[in-house]
Amino acid sequence: MTQVIADTSALYALVDRTDPHHLQAANFLKSRASHQALLMSNHVFDETMTVVKARLGMRVALQLGLRLRNSRFVEMVVFSPAEEQETWRVFSQYTDKDWSYTDCACLVLARGHELNQAFTFDHHFAQMGLVMVP
């Protein structure tokens, strides 16, 4: 099973039916779930829970959190001290970009697992050289 980096923008789009990317996100997962797993860092999980709770409420955040944690198609990666250090290095290096710290963590995860695709709607991932899917 191949893996794709998961980003908050796509995970949020899954649960917010008013998000302009909702249908794209849902259809992507339906069509790829059997052969493509999502690789999600603890940074993305943190950011996603925070954004969903702030915008859609605690109930929706808890439902999404449980779905992500219990899904056989989502692999959660808790960053090691070395990965944290590399994330800080990337964040500090690309000062000309508007990449968030979490975006930089996604890039570190992609590089560490030799992946080139991200389930995202955030154009920063294209700047990083990753292929945005859907």
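What follows draws every value from the coordinates through simple rules; no lab data is involved. The model shown is predicted, which means the values in this text are computed figures rather than measured ones. Quick reminder, even Gly has a Cβ in these numbers, built from the backbone with ideal geometry, and neighbours come from all protein chains shown.
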Gain in span if fully extended, L62 to R17, counting 0.36 nm per residue against the direct Cα distance: 14.5 nm
Where GluC sites (Glu not before Pro) fall in DSSP loop in segment 26-134, at most 10 other Cβ within 10 Å: E114
The chain, relative contact order in percent, only Cα pairs under 8 angstrom and at least six apart counted: 30
Segment 7-60: trypsin sites (Lys or Arg not before Pro) falling in loop per DSSP and having at most 12 other Cβ within 10 Å: R17
³J(HN,Hα), Karplus 6.51/-1.76/1.60, whole Hz, each residue of segment 108-113, x for Gly, Pro: 4, 5, 4, 5, x, 9
Under 5 Å, built H, 5+ apart or other chain: amide partners of F121: S9, A10
Size of electric dipole in the chain: Cβ of Lys, Arg +1 and of Asp, Glu -1, about Cα centre, debye, nearest 20: 620
Relative contact order (percent, whole number), segment 53-131, Cα cutoff 8 Å, 6+ residue spacing: 18
Descending semi-axes in whole angstrom, ellipsoid equivalent of segment 68-134, from the Cα gyration tensor: 20, 16, 10
Ratio of the Cα radius of gyration of segment 2-133 to 2.2 N^0.38 Å, where N counts its residues: 1.00
Distance between modelled label sites at D96 and K30, nm, 7 Å Cα→Cβ extension: 4.3
Helix-only CD estimate at 222 nm, as mean residue ellipticity for the chain, using -39500 (n - 2.57) per DSSP H run (n ≥ 4): -17000 deg cm²/dmol
M40, M128, M76 arranged by Cβ crowding within 10 Å, fewest neighbours leading: M76, M128, M40
Rounded if a/c under 1.5, otherwise prolate or oblate - segment 1-46, Cα gyration tensor axes: oblate
